[in-house]
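Here's the structure, in structure tokens; my notes come after.
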Amino acid sequence: MDDTLLLWVDVETTGLDPSHGAILEIGMRWTDTRLDRLDGGFSTPVAYAGPVDGFIERMHGPNGLLAAWARPGAPTSDEAARLARAYVASRLSDGVRVLAAGASVRFDRDWLDTRMPGVLSGVHHRSLDVSALDEAARMWAPLTWAARPERTTDHRVDSRLDDELRLAAYYRDAFRGGWRMWARLRGVLARVGRWFLSPAGRAVWVRLLLFGASIPLAPYMVAVWRVAPYGQGAEQCLLFVAVAGVLLFRGGWRRLHALRAARDEDRQSEPDRARKPVRPARNRARRR
């Protein structure tokens with residue numbers, strides 16, 4: 001059983017620099033490695049009393065976040081950090097490895113470590129970043145990347161976490177499908193290899209090989225033996241190849257027929273051997 005849990009994290013901020021900005025909304029979700037949610041998640045706007053420039057207004061005015069952090073009772077940054085710490089601590093335990101997950105996880109971790117220190121205490125230093133998966137697919141599997149699910153662009157944490165989980169599930173299924181395809185291919189190759197080494201396979205591919213070799217050798221054989229007393233050289237070569245093909249395939253057919261007959265005979269004799277066990281030699285000697 002996998003002892004790893006995923007803590008999906010997303011924050012909305014006033015900018016890109018955590019040392020000169022503020023967190024406006026924070027969202028988290030617990031899932032297992034199958035991406036099944038373990039609870040209802042946690043998300044809250046964070047009260048903000050700083051300046052609202054055109055960038056913030058254009059991004060967070062239409063999506064309702066500006067009104068959410070300005071409403072009375074919106075938790076302050078310290079209160080939101082306390083709630084987030086409690087949510088993270090609810091599933092931390094010995095023997096369980098917790099990975100931070102999301103899109104551009106380094107960005108979210110930097111903001112939380114700067115503005116809400118201690119929220120991610122106990123979380124492993126490694127992370128699962130679906131943005132990295134997306135970039136890898138774009139470079140190395142463009143067809144898989146082109147079919148990925150669309151993302152929303154409303155810049156709210158719940159919508160973004162939904163997008164990230166859908167994208168992670170998509171690439172998970174793509175990876176599993178690739179492994180299943182490779183396993184099937186290996187099975188097919190193994191069966192083909194066993195057939196080539198079987199008596200029936202040797203009866204076929206050896207003759208195919210000889211027939212293929214007869215094609216480039218036909219002009220030389222015709223020149224030596226003159227197998228056709230009439231016609232041009234090309235016609236004589238075709239006649240030689242046709243005769244060689246008939247002889248080889250006729251022999252192969254006979255060989256396959258003999259193998260099939262021997263196999264059927266063995267199958268018919270199996271029940272007889274099962275019904276008539278051989279008596280010990282000692283009993284036969286006494287009867288004599």
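Structure values in brief
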item: Filter pass, T153 being over 26 Å from the mean Cα position of the chain (by Cα), among the β-branched types (V, I, T) and either surrounded by 20 or more Cβ atoms within 10 Å (Cβ to Cβ) or assigned to a helix (DSSP H, G or I) (or both); result: no
item: Which numbered condition A86 misses (of (1) at negative phi; (2) surrounded by 13 or more Cβ atoms within 10 Å (Cβ to Cβ)); result: (2)
item: Among the candidates R71, R126, R106, residue that is loosely packed, with under 14 Cβ neighbours inside 10 Å, under 30 Å from the mean Cα position of the chain (by Cα), under 20 Å from E12 (Cβ atoms) and without any contact (Cβ under 8 Å) to a residue 40 or more places away in the chain; result: R106
item: Qualifying residue in the range 114-121 (condition: free of Cβ contacts under 8 Å to residues at least 60 places away in the same chain, in the same structural domain as H20 (by TED's automatic domain parsing) and among the charged types (D, E, K, R)); result: no
item: Residue check, E79 without any contact (Cβ under 8 Å) to a residue 12 or more places away in the chain and either buried (at least 18 other Cβ atoms within 10 Å of the Cβ) or touching a Leu at 6+ places or on another chain (Cβ under 8 Å) (or both); result: no
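The values are calculated or read from the model by the stated rules, or taken from the named source; none is laboratory data. All values reported here derive from a predicted model rather than from experimental measurement. With ideal geometry, Cβ positions are generated from the backbone for all residues, glycine too; neighbour counts draw on all protein chains shown.
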